[in-house]
Amino acid sequence: MTRDHRWTRRAALGFLGAGFGLAAISTDAATRVHSDRAVELTTTTDSTALLPLEEESPFTPISRQNPSTVIYTILASESDTEYTFSELSVTVTDVLDSSGTSITTEAVETSLDETGSGDYAVTLACADSAGGFSGEYYVTLALVADTESFSVDATRTTGEAVSITCPIDYGNANNYSDDAAGEAARPGDAATGTVVGSQNVNNGDNGSSADLKGSGGNGLYVGFKLPPVPSATTYALEIEASETTGNLIAYLVDGSGDRVIFVDENGTELSSEFVLKNRNRPFEFTVEPENDISNSELFLIFEGGTSGQNASKLEGFSFEPSE
């Protein structure tokens with residue numbers, strides 16, 4: 001990337017500013033800095049800032065309806081010094097929850113987009129590989145910049161948490177299993193039957209649906225990866241389906257392939273299966289797991305005796321703590 005920019009005189013969080021050496025403060029750090037003048041990593045209101053960075057908090061929450069948010073702006077508007085970038089990049093190096101625990105950095109990704117004014121917007125979004133999670137997270141970014149006058153490899157963590165909800169994309173073959181395109185690493189027996197139009201369950205409404213088709217004499221046995229759930233006493237399972245055939249049932253299995261057993265308020269074991277019949281739609285079940293399933297690997301299984309000649313219509317589903 002090669003760009004000529006004149007840096008602005010504005011209050012900003014500066015990756016680089018004029019000074020008497022390098023000073024890493026607060027949540028910032030620099031692993032490589034070279035310049036033709038002394039530099040420091042600090043907050044600056046000085047036009048001598050080489051790489052001013054402005055945090056855009058409070059952040060707009062990331063959700064299915066709003067898939068991305070700008071977390072920083074690299075300001076490049078007015079200055080008496082001109083630089084040419086040979087490289088300018090931003091990547092996510094850490095994502096921390098409120099307790100300071102790191103989650104996978106593959107869940108979110110950044111992009112660097114030049115605005116009409118010549119500034120750069122650092123945008124955060126859910127990655128295609130996001131496995132489904134929701135919460136408040138602090139995000140650490142690594143910024144690399146090279147010019148003819150300086151080069152820097154530094155990091156900064158957001159001063160405020162970003163609200164991030166990354167729903168699972170069931171259009172991604174890694175998030176469902178069947179005997180065709182679906183490749184989710186689901187435990188248990190091999191899947192039979194197909195999920196046609198898996199992406200249509202993302203919206204969870206009557207406007208679109210996926211077809212669940214059995215495989216001849218082998219019937220239907222397909223599954224969908226569920227997002228992790230927090231600890232709760234009871235959970236609500238809701239399934240939007242229609243034209244169900246082949247005595248369709250649904251149930252949950254954990255990462256070991258064992259069915260999740262549900263009990264009543266007295267601890268009496270109930271059936272782990274949910275029978276899906278058209279007259280009951282939408283299907284809503286409030287359940288109490290026998291064991292703790294919080295933050296566990298979970299899959300929603302659909303099983304039935306349907307053949308490839310008929311298909312059940314699956315419009316969406318959810319599994320979350322009940323209110």
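Tabulated data
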read-out	value
Ranking by accessible area, most exposed first, for C126, C166 with a 1.4 Å probe	C126, C166
Per-residue SASA entry for K277, accessible area with 1.4 Å probe, Å² rounded to 10	90
GluC sites (Glu not before Pro) lying in DSSP loop within region 232-278, provided at most 16 other Cβ fall within 10 Å	E243, E265, E273
Cα convex hull volume per residue for region 94-182 (Å³)	152
Volume per residue that the Cα convex hull of region 158-211 spans, once the total is divided by residue count, Å³	114
Charge context of E273, other residues only, Cβ under 10 angstrom, K/R +1, D/E -1	0
Cut-off 13 Å between beta-carbons: net charge of the residues surrounding C126, Lys and Arg +1, Asp and Glu -1	-3
In order through region 59-65: 3J(HN,Hα) via Karplus (6.51 cos²θ - 1.76 cosθ + 1.60), integer Hz, x for Gly, Pro	7, 6, x, 8, 8, 4, 6
Whole-percent carbon and sulfur share, accessible surface of region 216-264, 1.4 Å	43
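The values are calculated or read from the model by the stated rules, or taken from the named source; none is laboratory data. This one's a predicted model, so the numbers in the text were calculated from it and none came from an experiment. Backbone-built Cβ (ideal geometry, glycine too); neighbour counts: all protein chains shown. The accessibility values were calculated without ligands, DNA or RNA, using every heavy atom of the protein model including side chains. Shrake-Rupley method; radii C 1.70, N 1.55, O 1.52, S 1.80 Å.
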